[in-house]
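The values are calculated or read from the model by the stated rules, or taken from the named source; none is laboratory data. As the structure is a prediction and not an experimental result, all values here were calculated from the model. Note: ideal-geometry Cβ built from the backbone for every residue, glycine included; neighbour counts use all protein chains shown. Please note that ligands, DNA and RNA were not included when accessible areas were found on the heavy atoms of the full protein model with its side chains. Shrake-Rupley method; radii C 1.70, N 1.55, O 1.52, S 1.80 Å.
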Amino acid sequence: MPIILLFLIIWLIPQSGVAQAVEGVMLRDDTVRATPSAQATTLGKVRKNARVQLLANRGGWTQVRLGATTGWVRLLYVRRGAPSGASLSDSLSSARDVVRRGPDPGRVTATAGLRGLDAGDLEKASFDEVQLARLESWSVAAPQARRFAEEGGLRTRALAYMPRPVSESSPGSGFDLIGGAP
Amino acid sequence: MRPSGSGSSLGWLMGVMLCVMSHHGFAMGTPPAKVEPKPTPPSENQAPKPDKTGNPLLSALLAGQLSEAQERQLGRRIVGNLLGAVPLVGDDALQGYVNRVGRWVALQSERPDLVWHFGVLDSEAINAFAAPGGYVLITRGLYRRLNSEAELAGVLAHEIAHVIRRHHVKLLQRSQIIAGLGGALVKEVGTGGDMAQHVIGHGAEVAARALDKETELEADRMALILAARAGYDAYGLPLVLQEIGHFSGQDDRVALLFKTHPHPDQRLQVLADTVGERLDGLAPGGTLPDRLYRLIE
């Protein structure tokens, strides 16, 4: 049985947008559907913070397995990794630590770019005309971009921007918007 | 031991870094003389403005009347300084590829005719930037974690949104004043106009912080649409955010990003609120994982 399961997972890898079967967690309640469509047959419900296995992505849908059930949930309702509570507080406290302690000198290699920007190395950096000229030399003209899109089978679609949602802060997130742009 | 093998991150942080960049390059401790060391050449498509600061660019910025040429001038200055700290990856094929994807997405925006420039920075930090006038940069650290061209398009679309909405120009107008880029300067400008005084009177720092979050969220929701207009899968950006969300803030490459931005989980939550069922009728777009240019390691 485990062998069959393993085979199934391996078989799924090349077909999916997810590189490998990974742990995920639901960010909110959702309906599990048989196919990636809002009109699909409902297989059941999955609760916020439920751990699921992520199998594939298609458009706005992610295929998940939980227990014996495999089905599709909304992509924006799930993410990789551990439940958000731990991860969020972990990130926030560690960010504070970084500010308090300053960057870890032992990890300079991995973070040179980011640290440099934050540490004010940017101020010391001199304006680099040569690099800027390189950057500007790569500019692509519109017809070239259109040809590139055509080669990739990309076809434009007319879509309006989405309005700002009514409730932009999520409960318990500590994320509160004050004013801001329209 | 490869730094990229840590399994950390993804991140991305897009845009706000621009804020950091802007602060360092323009506001914090940088005297006005250094910001604009040379007389600004007259911009091509606008009449000279009254120059109360002795600096036409700064004057126009503070007055909120940057021409497109001045916007580009501002962007060049920011990006030129950034490139002095972090150079570009020396792979022309990669850079050309990123420019084709970026330009195609930018063509779907309200400013298709800007002279857009895209580049990959030689840094393991996980980040992306935009600067006024059509400059968009992504780090190698972020690029190497992308799984498809649609994800690249989503990340670039977020930055493109910052440019077309002039988020950084607006931020700079504010940060110039926060830093008091000289109270004298503000005084000079403020004698005739009440703009500077008006902004100061609103508690610039709080407003700027709130604006940071809102501009990020606005760029997020625009990015889905820009990518979809270009024919890509609309969900490239959220997939990158998903990936970032579970990385530990202990990872130096994302720690500062997490500090200065809404957490990716929150951004996903807001996107979920934004999208709802709106895109249910949208046919799946292209993801093009095989066309994604692979870095030469």
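Considering only residues that are in contact with a Leu (Cβ under 8 Å, 6 or more places away or on another chain), open to solvent by 40 Å² or more (accessible area, probe 1.4 Å) and in a strand (DSSP E or B), which ones fall in the stretch A:34-67? Break it down stepwise before answering.
Start the filter on the stretch A:34-67 by keeping residues that are in contact with a Leu (Cβ under 8 Å, 6 or more places away or on another chain), which leaves A:34, A:46, A:48, A:50-53, A:55-57, A:59-65.
If we keep only those that are open to solvent by 40 Å² or more (accessible area, probe 1.4 Å) as well, we get A:34, A:48, A:51, A:53.
Across the stretch A:34-67, the qualifying residues are A:Arg51, A:Gln53.
Looking only at the stretch A:24-33, filter to residues that are assigned to a loop (DSSP other than H, G, I, E, B) and within 11 Å of chain B (Cβ to nearest Cβ); which one of those is farthest from B:Leu268 (Cα to Cα)? Give the derivation first.
Restricting attention to the stretch A:24-33, the residues satisfying the condition of being assigned to a loop (DSSP other than H, G, I, E, B) are A:27-29.
Next cut, within 11 Å of chain B (Cβ to nearest Cβ) only: A:27-28.
Details: A:Leu27: 9, A:Arg28: 11 Å.
So, considering only residues that are assigned to a loop (DSSP other than H, G, I, E, B) and within 11 Å of chain B (Cβ to nearest Cβ), the one farthest from B:Leu268 (Cα to Cα) is A:Arg28.
Would you please name the residue that is farthest from the other protein chains (Cβ to nearest Cβ), looking only at residues in the stretch B:110-136 that are farther than 12 Å from B:Leu156 by Cβ and assigned to a strand (DSSP E or B)?
Applying the filter and picking the extreme gives B:Ala131.
A quick yes/no check of all residues on (1) open to solvent by 10 Å² or more (accessible area, probe 1.4 Å); (2) at pLDDT below 95:
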{"site": "B:Phe129", "(1), (2)": "no, yes"}
{"site": "B:Glu149", "(1), (2)": "no, no"}
{"site": "B:Leu156", "(1), (2)": "no, no"}
{"site": "B:Arg165", "(1), (2)": "yes, yes"}
{"site": "B:Gln173", "(1), (2)": "yes, yes"}
{"site": "B:Ile178", "(1), (2)": "yes, yes"}
{"site": "B:Gly182", "(1), (2)": "yes, yes"}
{"site": "B:Glu205", "(1), (2)": "yes, yes"}
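Could you tell me whether the stretch B:96-109 includes any residue that is more than 10 Å from chain A (Cβ to nearest Cβ), of a type in the set (S, T, N, Q) and either within 24 Å of A:Glu129 (Cβ to Cβ) or in a helix (DSSP H, G or I) (or both)?
Within the stretch B:96-109, not a single residue is more than 10 Å from chain A (Cβ to nearest Cβ), of a type in the set (S, T, N, Q) and either within 24 Å of A:Glu129 (Cβ to Cβ) or in a helix (DSSP H, G or I) (or both).
Of all residues in the stretch B:258-291 being closer than 20 Å to B:Phe129 by Cα and more than 7 Å from chain A (Cβ to nearest Cβ), which is surrounded by the most Cβ atoms within 10 Å (Cβ to Cβ)?
For the stretch B:258-291, the residue satisfying everything is B:Pro264.
Per-residue answers, yes or no, for (1) at pLDDT below 50; (2) at positive phi; (3) part of a loop (DSSP other than H, G, I, E, B):
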residue	(1), (2), (3)
A:Leu114	yes, no, no
A:Gln131	no, no, no
A:Glu136	no, no, no
A:Val140	no, no, yes
A:Arg146	no, no, no
A:Leu159	no, no, yes
A:Ser173	yes, no, yes
